[in-house]
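Below is one structure, written out as structure tokens, with a few remarks after it.
The values are calculated or read from the model by the stated rules, or taken from the named source; none is laboratory data. Please read these numbers as outputs of a predicted model, since none were measured by experiment. Here the Cβ positions follow ideal geometry from the backbone for every residue, glycine too, while neighbour counts run over all protein chains shown.
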Amino acid sequence: MIAARRWPALLLIIGLLTAAFVYERGDHTDGVATTATGALADDSLTGSSDLARAMPVAAPPGALSSTWFCAGGTATPDGVADHVVVVANPGARVVRGTVTAMGSRGGPAERAITVPAHGRARVALSDLVEAPYASALVELGAGAVAVEHEVQGPDGRDAAPCASSASDRWYFAAGATTRDAEEVLVLFNPFADDATVDISFATDEGRRVPQAFQGFQVPGRSVVAARVTDQVTVRAQVSTEVVARVGRVVVDRIQTYDGSGASTTEEAAAEEAYRPQGLTVTLGVPRPSPTWLFPFGAKEDGVHERFVIYNPGTEEVEVDVAVRLVDPARNGELDPFLVTIAARSFQVLDLDDEDRVPPDVDHATVVASRRGEPIVVERLLATEDPFASTGTAASTGVPLVAPRWVFASGSSRRRRVAERIAVQNPSGRPVRVRVEAFATGDGSLEPIEGLSPVTIGPYGHVQLRLSSASAAPNLSVLVSADGPVAAERADFRVDTTGVSTAPGIPLAEGLRRAEPSALGP
């Protein structure tokens, strides 16, 4: 009888311990979900929550809510990166939510938003707060919604996905602190509890661990800027790690180039291949991955493309970089470039220096470590005359593949904005792809005439030039395929400064890791 009376108490204790374990592992901070895909229920996904944290991922259609975090931008009249949030709804139902702006000074401000079916909503953070840096917490009452943010300033414009989860680690492969460059990390803590992080860097002269960035405080519900240029001076390439001792944050990098060139002497300036100008905002990588896909690639007159590969591990890694040409039956196939990277260091592969990559042939790229070691990869794209647009773009690759991708930001206007959607097939079988436009003002979801549908062969890719088929000042895009693909957007402002590249946002259903087999046979 005594043992029987103990059972309810024991069951209660077990239940409490189980609840504590779930709470500790879950995304729970003060009622704010720290991942939009916590409700993933696809049994075919191994470690699905980890997949959802590899990059921004839209919650499945059946989700009751989703949360997004847009860290990097400014909210002052003379800011270098005026911050606008774009919420795109490719679904057939109205979605409601709130955007809460938090600044590096002053209190938060909130705005309710309604996103029409097949539509989008835009919120300028400068309409809500005034602060040198401002971030946004976007809380929505549905899934299958994608959130990006746009920045614009004197040096250009950019657009990139917001984060769908916070993390205790963030990595950036690229960055620059030369005379013409300014690099700032924007750390956003939307939660009530304070966070403490350590920030370290890899340069061509070894590792840097500035004292000012150790035990760096990011108070609860705050935005804090870390000016890399002040601590790691005059470096053409800087890789970054942000590791939290306590708490979780979201980290974006704002990088500007003023077009004056990095050199400090006339002799050195004469040897510069080009002088970049532009503004980029890039979300850090929360989880390094063994394989990265870059569906877009261009080697044209006035276009400079290079890859920065960072090895966060403690052992040397060997990495294959496969540049895959469109229509290989006509243009041929290239052997991968082999890049060896020391522990906690980086290497740069500049396609300007590689004659094997032909000009004026569209290409996609696969970057994969040979033994499956996690790496971080960014691609830098700089354009100058005689190319139609001037600017600099920086974006990470795609570590995941999925059947559906959403691009929230975008526009296509003939002779003003040239937008391309690039889709890459990482598998050995053909895939059929449909590209549909929405948020054009008529509340519809329509195939883009002349560009959709399209079949992509095994390990192939395609670049769809939207300006040749569609003209709309507001143009969000949904990419759907009958198999897993990777998708990316490239946006060029014609005859002005403004170049942007960014991966799309995959919907959670059918999500898979990109595999080294994408390198091809």
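List of remarks:
- Scanning the stretch 499-514 for residues that are buried (at least 24 other Cβ atoms within 10 Å of the Cβ) and either β-branched (Val, Ile, Thr) or touching a Lys or Arg at 6+ places or on another chain (Cβ under 9 Å) (or both) returns Val499, Ser500, Thr501, Ala502, Pro503, Gly504, Ile505, Pro506, Leu507.
- Residues within the stretch 463-496 that are at pLDDT 80 or above and part of a strand (DSSP E or B), tallied: 21
- Some residue of the stretch 238-249 being surrounded by fewer than 20 Cβ atoms within 10 Å (Cβ to Cβ) and polar (S, T, N, Q): no
- Of Arg105, Arg111, Arg96, Arg53, all but one fail to be among the basic types (Lys, Arg), crowded, with 20+ Cβ neighbours inside 10 Å and in contact with a strand residue (DSSP E or B) (Cβ under 7 Å, 6 or more places away or on another chain); the exception is Arg53.
- Candidate set: the stretch 327-365, residues that are in a strand (DSSP E or B) and of a type in the set (Gly, Ala, Ser); chosen: the one surrounded by the fewest Cβ atoms within 10 Å (Cβ to Cβ): Ser345
- Residue list for the stretch 197-223, filter: surrounded by 16 or more Cβ atoms within 10 Å (Cβ to Cβ), within 30 Å of Ala342 (Cβ to Cβ) and of a type in the set (S, T, N, Q): Ser200, Thr203
- Members of the stretch 393-452 found to be of a type in the set (Phe, Trp, Tyr) and within 21 Å of the chain's Cα centre (by Cα), listed by number: Trp405, Phe407
- Scope the stretch 239-281; condition assigned to a loop (DSSP other than H, G, I, E, B), over 25 Å from Val151 (Cβ atoms) and in contact (Cβ under 8 Å) with a residue 60 or more places away in the chain; matching residues: Gly247, Ser263, Thr264, Ala273
- The residues listed here are Val209, Val251, Val246; of these, the one that is under 22 Å from the mean Cα position of the chain (by Cα) and at pLDDT 95 or above is Val251.
- Where a residue in the stretch 425-442 is assigned to a loop (DSSP other than H, G, I, E, B) and its partner, wherever it lies, is surrounded by fewer than 18 Cβ atoms within 10 Å (Cβ to Cβ) and β-branched (Val, Ile, Thr), with Cβ under 8 Å and at least six apart: Pro430/Thr455
- Search result, residues across the stretch 282-326 that are assigned to a loop (DSSP other than H, G, I, E, B), touching a residue at least 60 places away in the same chain (Cβ under 8 Å) and within 18 Å of Gly372 (Cα to Cα): Pro286, Arg287, Pro288, Pro290, Pro312, Gly313
- Any hit, the stretch 390-398, residues being modelled with pLDDT of 95 or more, assigned to a loop (DSSP other than H, G, I, E, B) and either over 23 Å from Gly278 (Cα atoms) or not assigned by TED's automatic domain parsing to the domain that holds Pro295 (or both): no
- Residue in the stretch 226-237 that is assigned to a strand (DSSP E or B), buried (at least 16 other Cβ atoms within 10 Å of the Cβ) and either free of Cβ contacts under 8 Å to residues at least 60 places away in the same chain or not assigned by TED's automatic domain parsing to the domain that holds Thr390 (or both) present: yes
- Cβ-Cβ distances below 8 Å connect the following pairs, each with a first residue in the stretch 204-224 that is among the small types (Gly, Ala, Ser), a second residue that is exposed (fewer than 14 other Cβ atoms within 10 Å of the Cβ), and a separation of six or more residues or different chains: Gly215/Arg245; Gly220/Ala192; Gly220/Asp193.
- Candidate set: the stretch 490-521, residues that are among the basic types (Lys, Arg) and touching a helix residue (DSSP H, G or I) at 6+ places or on another chain (Cβ under 9 Å); chosen: the one farthest from Leu334 (Cα to Cα): Arg512
- Of the residues making up the stretch 366-384, those that are surrounded by 24 or more Cβ atoms within 10 Å (Cβ to Cβ) and of a type in the set (Asp, Glu) number 1.
- Flag for Ala368 being under 24 Å from Arg53 (Cα atoms) and within 17 Å of the chain's Cα centre (by Cα): no
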